[in-house]
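In what follows, a structure is listed as structure tokens, so that the remarks can point back to it.
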Amino acid sequence: MSGRIPEEKIEQIRKSTDIVEVISDYVQLKKQGRQYIGLCPFHGEKSPSFSVSQDKQLYHCFGCGAGGNVFSFLMEHEGYTFVDAAKDLAGRANIDLPVQSQGETNRHSPTKMMIDGHELASKLYHHVLTLTEEGAGGREYAKTRKFTKEQLEHFQIGFAPNRWDSLKIILDKRGFSLEMMAKAGLLGIRESDNGYYDRFRNRLMFPIWDNQGKVIAFGGRSIGSDKPKYLNSAETPIFHKSNTLYALHLARPYIRKENAAILFEGYVDVVAAWGAGITNGVATLGTSLTQEQAKVLRRNAENVTICYDSDRAGIDAAFRSATILEEAGCHVKIALMPEGLDPDDFIREFGAERFKTDVIGASLSLMAFKMRFLRKGRNLQDEGERLRYIEEVLREISSLKRAVERDHYLRQLADEFSLSLEALKQEQFQLYRAKKQQQAGKSEQPIKRHATKALNQKKLLPAYKNAERLLLAHMMRDIEIAEQVQERIGGAFNVDEHHAIAAYLFAYYGEGNEADPSQFVNRLEDPDLMRVASELAMLSVNEECSEQELIDYMKQIENYPKWVDIQQKEILMKQEHDPVAAAKLKMEIIQMKKQLH
């Protein structure tokens, strides 16, 4: 599993790493008893079923079954190889890995080459902007946008010179494959001679990072009349717009601390807001908010404030984004911009304090925003228009989960249009009940089915299977119990996965290792076994396993094959037409049952 990394280094990395700290970079975790819980990053859910144990250094999702240790988490979440995961964790723990562990294949993999090319480009662009004559135009433009030196440094903003080959020459000199750099979106290919040229020219450059802070793309803002005004990297093997939020790795600590994120439409707004003291801002990248991005936000915070432009397109986009965020389980508010201004414009014109108080601080609840959105462009003096507006608002009120919220907005609607509160309540209740019935028949059905299946797997397990699970959980914690089990039943577990885990566990202890569930799970190369072992290691069992309890578990396991034999004989007895033969089978069954007690 460890490839070319020595086992002692793997062990050093494991002991120097806290799984809670690592997973907290991806999932908002809350302490609950001895465990930490959060929303599973491997499947969509609104209620947390993802559990992380700091004691055992393991994780397990009780919804989808994902589980393992810190290495397997990175491998599953980031698509890493084991060596990639080890390198990531070694970097976090400041542990040097020997040269041979880097892995030739990994070092020259297309993904790594593309990321290295982007890292080099980012450094070049930033150097050009801050220290060269070629960057003078970029520096002048940055001044007009009132970007400070701190903003330029924090977001590593750079400048692509107004030349066709600045980046191409550097990449070529450093030995990068120009064909690969074109696939990565850094270079273009001329149709005339198939030569390569810089894709970004004469633009202020904003690096776009993945969730861990590696540069994977760029956004370029024209400083002149070049079109388009904003040019983002195209989709590449390392950059997927629908999964990426601008500056998430920079904002994540503040999002977690405040349990809130501010969602902007573009990277310039994020940079401007950071200069105004808004440190928990992120942005989409020229596309509408996606369900994947909403899930990422929900895993990091419960509250999201949308701050989009004030034009019609911005308001429509805010409405769509709010709906997606609500479906992901977020509490949503909307910060309304004055007509004709975007956040960057507002901050430059009115300053940081007014932006914080008059825009972010004055955010509307989602329902209040929806009411304002639905009445836009309507003539409410017209009876037909007014009735349509009231019906649409009632539909939105019906979607509110809390009765007190529904009552609040119904009273507001009744007061505004001098309507009977009781009539509105009756109408709203009809809509609410119809919506609930529709949800029960459609959207909630798969979720309930999935949850029921998961519960049935836990509740309806046969006695022998429960005994095997609990016994293995104790065996992982106590070498003496494992030795007693090995002596009495060996590997005679009835479930294939349990049989394999027991065999690995006996071998693990046979090598002289101490009881350590995390270290043991780390030795399992099969992902399915790792998931099962992680779940068993995290089962809640008594610290002490009594001798009688241990014997009972082993009896259940030993007796199961005998019960199967008894059931088969009972079937044969029912099918037997010869009374003498049937009586003989019955006597055998009675004797077999006696032996079980």
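The values are calculated or read from the model by the stated rules, or taken from the named source; none is laboratory data. Predicted model only: the values in this text are computed from it and were never measured. Please note: Cβ atoms are built from the backbone with ideal geometry, for glycine as well, and neighbour counts cover all protein chains shown. Ligands, DNA and RNA are excluded from the accessible area calculation, which covers all protein heavy atoms including side chains. Shrake-Rupley method; radii C 1.70, N 1.55, O 1.52, S 1.80 Å.
Testing residue 106 on (1) surrounded by 15 or more Cβ atoms within 10 Å (Cβ to Cβ); (2) over 26 Å from residue 514 (Cα atoms); (3) at pLDDT 90 or above, one condition comes back false. Which one is that? For residue 106, the failing item is (3).
Just the residues that are within 28 Å of residue 552 (Cβ to Cβ), hydrophobic (A, V, I, L, M, F, W, C) and part of a helix (DSSP H, G or I), please, taken from segment 572-597.
Filtering segment 572-597 down to residues within 28 Å of residue 552 (Cβ to Cβ) leaves 588-597.
Okay, now just the ones that are also hydrophobic (A, V, I, L, M, F, W, C), so 589-590, 592, 596.
If the condition is that a residue be within 28 Å of residue 552 (Cβ to Cβ), hydrophobic (A, V, I, L, M, F, W, C) and part of a helix (DSSP H, G or I), then 589, 590, 592 are the ones that fit.
Checked against (1) on the phi > 0 side of the Ramachandran plot; (2) of a type outside the set (Val, Ile, Thr); (3) touching a helix residue (DSSP H, G or I) at 6+ places or on another chain (Cβ under 7 Å), residue 512 passes all but condition (3). Residue 162 versus (1) open to solvent by 60 Å² or more (accessible area, probe 1.4 Å); (2) at pLDDT below 95; (3) closer than 19 Å to residue 239 by Cβ: which is the lone unmet condition? Condition not satisfied by residue 162: (3).
The residues on offer are 72, 24, 49, and the sole one that is hydroxyl-bearing (Ser, Thr, Tyr), in contact with a helix residue (DSSP H, G or I) (Cβ under 8 Å, 6 or more places away or on another chain) and within 21 Å of residue 536 (Cβ to Cβ) is 72.
Residue count for segment 179-219, restricted to those that are under 25 Å from residue 139 (Cα atoms), open to solvent by 50 Å² or more (accessible area, probe 1.4 Å) and not hydroxyl-bearing (Ser, Thr, Tyr): 3. Residue count for segment 320-347 satisfying the condition of being outside any loop (DSSP other than H, G, I, E, B) and buried (at least 18 other Cβ atoms within 10 Å of the Cβ): 11.
Can you work out which of the residues in segment 290-307 that are open to solvent by less than 10 Å² (accessible area, probe 1.4 Å) and of a type outside the set (S, T, N, Q) is farthest from residue 340 (Cα to Cα)?
Going through segment 290-307, the residues open to solvent by less than 10 Å² (accessible area, probe 1.4 Å) turn out to be 293-294, 297, 300-301, 304, 306-307.
Going one step further and asking which of them are of a type outside the set (S, T, N, Q), we end up with 294, 297, 301, 304, 306-307.
Numbers: 294: 27, 297: 28, 301: 30, 304: 23, 306: 17, 307: 14 Å.
Checked segment 290-307; the qualifying residue farthest from residue 340 (Cα to Cα) is 301.
Look at segment 477-499: where a residue is more than 20 Å from residue 463 (Cβ to Cβ) and a partner is hydroxyl-bearing (Ser, Thr, Tyr) and open to solvent by less than 90 Å² (accessible area, probe 1.4 Å), sitting 6+ places away or on another chain with Cβ atoms under 7 Å, you get 479/509; 482/509.
Taken together, the residues in segment 125-159 that are buried (at least 20 other Cβ atoms within 10 Å of the Cβ) and touching a helix residue (DSSP H, G or I) at 6+ places or on another chain (Cβ under 6 Å) amount to 7. Filtering segment 348-359 to residues that are farther than 19 Å from residue 144 by Cα and either charged (D, E, K, R) or open to solvent by 30 Å² or more (accessible area, probe 1.4 Å) (or both) leaves 353, 354, 356, 357, 358. Restricting the first member to segment 220-232 and to residues that are open to solvent by less than 60 Å² (accessible area, probe 1.4 Å), and the second to residues that are aromatic (Phe, Trp, Tyr) and in a loop (DSSP other than H, G, I, E, B), the beta-carbon pairs closer than 9 Å and six or more apart or on different chains are 220/200; 231/200. Taken over segment 537-595, residues that are in contact (Cβ under 8 Å) with a residue 60 or more places away in the chain and of a type in the set (Ser, Thr, Tyr) amount to 2. Could you look through segment 253-271, keep only residues that are within 21 Å of residue 29 (Cα to Cα) and open to solvent by 20 Å² or more (accessible area, probe 1.4 Å), and pick out the one that is modelled with the highest pLDDT? Top of the filtered list is 260.
Could you look through segment 485-523, keep only residues that are of a type in the set (S, T, N, Q) and part of a loop (DSSP other than H, G, I, E, B), and pick out the one that is surrounded by the fewest Cβ atoms within 10 Å (Cβ to Cβ)? Write out each step before concluding.
Step one: filter segment 485-523 for residues of a type in the set (S, T, N, Q), giving 486, 494, 513, 518-519, 522.
From what is left, the residues that are part of a loop (DSSP other than H, G, I, E, B) are 494, 513.
Working: 494: 17, 513: 14.
For segment 485-523, the residue satisfying everything is 513.
So which residues in segment 184-234 are under 23 Å from residue 270 (Cβ atoms) and among the hydroxyl-bearing types (Ser, Thr, Tyr)? Scanning segment 184-234 gives 222, 230, 233.
Scanning segment 533-548 turns up one or more residues that are among the polar types (S, T, N, Q), part of a helix (DSSP H, G or I), modelled with pLDDT of 85 or more and in contact with a helix residue (DSSP H, G or I) (Cβ under 9 Å, 6 or more places away or on another chain). None of 220, 188 is more than 30 Å from residue 310 (Cβ to Cβ) and over 24 Å from the mean Cα position of the chain (by Cα) except 188.
For segment 1-45, residues that are in a loop (DSSP other than H, G, I, E, B) and either out of contact with any Pro (no Cβ under 9 Å at 6 or more places or on another chain) or open to solvent by less than 40 Å² (accessible area, probe 1.4 Å) (or both) total 22. Of 249, 240, all but one fail to be without any contact (Cβ under 8 Å) to a residue 24 or more places away in the chain and either within 18 Å of the chain's Cα centre (by Cα) or farther than 20 Å from residue 323 by Cβ (or both); the exception is 240. Answer yes or no as to whether residue 117 is open to solvent by less than 60 Å² (accessible area, probe 1.4 Å) and assigned to a helix (DSSP H, G or I). Judged against the criteria, residue 117 is a match.
Could you run through segment 396-407 and say how many residues are assigned to a helix (DSSP H, G or I) and surrounded by 16 or more Cβ atoms within 10 Å (Cβ to Cβ)?
Filtering segment 396-407 down to residues assigned to a helix (DSSP H, G or I) leaves 396-398, 403-407.
Next cut, surrounded by 16 or more Cβ atoms within 10 Å (Cβ to Cβ) only: 396-398, 406.
Looking only at that region, the number is 4.
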